[in-house]
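J.: To start, I am sharing the structure in question, which I have written as structure tokens.
Just so it is clear, none of the values below were taken in a lab; they were calculated from the coordinates. Remember, it's a predicted structure, so these values are computed and weren't measured experimentally. Note that each Cβ is placed from the backbone with ideal geometry, even for glycine, and that neighbours are counted across all protein chains shown.
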Amino acid sequence: MTIKSIIKSTGAYLPEKILTNQDLEKMVDTTDEWITQRSGIKQRHIAADDETTADMAIHAARQALEGSGLKPEEIDGVIVATTTPDQTFPAVAVKVQAALGLPAGMAFDLQAVCTGFVYALSVADNFIKAGQAKRIIVVGAEKMSSIVDWNDRTTCVLFADGAGAVVLEGQDSGKDVSPRGIHSTHLYAKGEQRDLLYTDGGPSSTGTAGHIVMQGREVFKYAVAYMADAVNEALKENNVSADQVDWLVPHQANLRIIEATAKKLKLSMDKVVVTVDHHGNTSAASIPLALHEAVSDGRIKEGDLLLLEAMGGGLTWGSALVRF
Ligand code: UT7
């Protein structure tokens, strides 16, 4: 018996409020030109003061559940990748579980910052392959605006809010292994590099959530190197060449990082899903948001080979090769 985790459906949510580079010019010493040239970002969505990560996660998860055609009672669990939970506890995932009327089952948050969605996908895939669950909703949801220092121009122009979700379903294809599904996932962290990107607070240290502190130039350098390693590993393990990949769906931190990864793979930018220009960096939400956008507008079709990759605080990084 060979079980594969299939992405049955996707969902997404973006807050109503849009913050443009021109808006930011009025808030900190920056320019549209600098933000565009250095990051590729033109605008981003920012949650309302009373809108939480769970609110956004619930919207995205509900849309994914509706798209799957499954009933709530058919879902075995929910995993939410987030660094910005509403509360220290309980997990955002239990709020999603309750709001969607899911039956008792596993529900927990997972924190690997911008790599969170790839980590969560991998964890869910392994639960499914181990037979411990058949269907899991995997969400990436962030209110990064709540941990941004709005006086720090080096970070406040980059981060943003939103949520994306997928419904994963284990399918036993018997002798004929389904060509669809998650083929492999590859997860890494290097804790020695945790001081390159962190928050200067937390429940057990300052008792506050803290604000994002980033050594951007250093993180940029490692992002390009680590993501190239992770995607090459995914290709090698599956004996697939880069030109067989239909879509690269990368974490959306910086257009220059995305272009560098595509270039290393010799992949045309026509095969890369780019949302960073209008979403900004939504951390764990960025990959499922990009995936949902490209599925909704018809670019990504059933049967396409997708390469997902991300890198973030920790430092953490990872990739996944998925036949959609
Ligand atoms: O998602 C998690 C992973 N995160 C990332 O992957 C982010 C990785 N890093 C980056 O994307 C880029 O490093 C940034 C977009 C953050 C910065 O771009 P950069 O080309 O590395 O710029 P820099 O940090 O080297 O700064 C260049 C200059 C500095 O001035 P000096 O020292 O050259 O005089 C900064 O002070 O730009 C200045 N600067 C700004 N100027 C206008 C920094 N932020 C701004 C700003 N507006 N918002």
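J.: Rounded, prolate or oblate: which fits the range 1-65, taking a ≥ b ≥ c as square roots of the Cα gyration tensor eigenvalues, rounded meaning a/c under 1.5, else prolate when a/b beats b/c?
T.: Verdict is oblate for the range 1-65.
J.: If you don't mind, there's one more thing I want to ask. Is the shape of the chain rounded, prolate or oblate, going by the alpha carbon gyration tensor and its root eigenvalues a ≥ b ≥ c, with a/c under 1.5 for rounded and a/b larger than b/c for prolate?
T.: oblate
J.: Let me ask another. Given H placed on each backbone N at 1.01 Å, which residues far from residue 183 in sequence or on other chains put an amide H within less than 5 Å of it?
T.: Those lying under 5 Å, H to H, from residue 183 are 321, 322, 323.
J.: Next question. Given the Cα-Cα distance of residue 48 and residue 88 and 0.36 nm per residue of separation, how much length would full extension add, in nm?
T.: Stretched fully, the residue 48-residue 88 segment lengthens by 12.4 nm.
J.: Using the Cα centre of the chain as origin and beta-carbon charges of +1 (Lys, Arg) and -1 (Asp, Glu), tell me which of 2, 98, 131 is placed farthest towards the positive end of the dipole.
T.: Checking the options against the dipole of the chain, the answer is 2.
J.: State the answer as a single residue: which of 107, 207, 260 lies farthest towards the positive end of the charge dipole of the chain, with beta carbon charges of +1 for Lys and Arg and -1 for Asp and Glu, about the Cα centre.
T.: Of the options given, the answer is 260.
J.: A follow-up question, please. Output the antiparallel fraction of DSSP beta bridges having both residues in the chain, as a percent to the nearest 5.
T.: Looking only at bridges with both residues in the chain, the antiparallel portion is about 70 percent.
J.: Out of all DSSP beta bridges with both ends in the range 181-323, state the antiparallel percent to the nearest 5.
T.: Once the DSSP bridges in the range 181-323 are tallied, antiparallel ones form about 80 percent.
J.: Which length gain, in nm to one decimal place, applies between residue 246 and residue 108 when the Cα-Cα distance is subtracted from 0.36 nm times their residue separation?
T.: The residue 246-residue 108 span can extend by a further 46.5 nm.
J.: Not counting the cut sites, what is the longest span of the chain without trypsin sites (Lys or Arg not before Pro) that DSSP labels loop and that have at most 14 other Cβ atoms within 10 Å? Please list the in-between numbers first.
T.: On the way: sites that count: 26, 175, 190, 266, 299, 301.
That would be 27-174.
J.: Tell me which aspartates and glutamates have Cα within less than 14 Å of residue 26's Cα, excluding those fewer than 8 residues away on the same chain?
T.: List returned: 152.
J.: Taking θ as phi - 60°, what are the ³J(HN,Hα) couplings along the range 308-324 by the Karplus curve (6.51, -1.76, 1.60), each to the nearest whole Hz, with x for Gly and Pro?
T.: Here the 3J(HN,Hα) series is 9, 8, 8, 8, x, x, x, 5, 10, 7, x, 8, 8, 10, 9, 8, 6 Hz.
J.: Let me ask something else about it. Between residue 194 and residue 206, what is 0.36 nm times their sequence separation minus the Cα-Cα distance? Round to one decimal in nm. List each step's numbers first, then the result.
T.: Values: separation 12, 0.36 × 12 = 4.32 nm, distance 1.75 nm.
Additional length available on full extension: 2.6 nm.
J.: Based on Cβ point charges of +1 for Lys and Arg and -1 for Asp and Glu, what charge dipole magnitude is obtained for the range 181-323 about its Cα centre, in debye rounded to the nearest 20?
T.: Details: 13 positive and 17 negative charges, 48 e Å.
Value, rounded to 20: 220 debye.
J.: Sorted by mean Cβ packing within 10 Å, highest first, what order do the peptides 162-169, 81-88 take?
T.: Going by the mean number of other Cβ atoms within 10 Å, highest first, we get 162-169, 81-88.
J.: Something else now. Using 1/(1 + (r/R0)^6) with R0 = 22 angstrom and r between the beta carbons of residue 299 and residue 268, what's the FRET efficiency to the nearest 0.05? Intermediate values should be presented prior to the final figure.
T.: Values: r = 13 Å, r/R0 = 0.61.
Rounded to the nearest 0.05, the efficiency is 0.95.
J.: For the chain, what does -39500 (n - 2.57) per DSSP helix run (n ≥ 4), summed and divided by total residues, give at 222 nm, in deg cm²/dmol to the nearest 500?
T.: -9500 deg cm²/dmol
J.: Between residue 233 and residue 74, how many nm apart are label points set 7 Å from Cα along the C-beta direction?
T.: Output for this residue pair reads 3.5 nm.
J.: For a test of the definition: using alpha carbon positions, the gyration tensor, and the 1.5 limit on a/c, classify the range 256-312 as rounded, prolate or oblate.
T.: Judged from the Cα gyration tensor, the range 256-312 comes out oblate (a/c at least 1.5, b/c at or above a/b).
J.: With just the Cα atoms defining each centre, how far is the range 234-285 from the range 94-170? Give it in Å.
T.: After rounding, the separation between the Cα centres reads 20 Å.
J.: Name the aspartates and glutamates eligible as straight-distance cross-link partners of residue 264: C-alpha to C-alpha under 20 Å, and not fewer than 8 places from it in the same chain.
T.: 218, 229, 233, 237, 243, 246, 309
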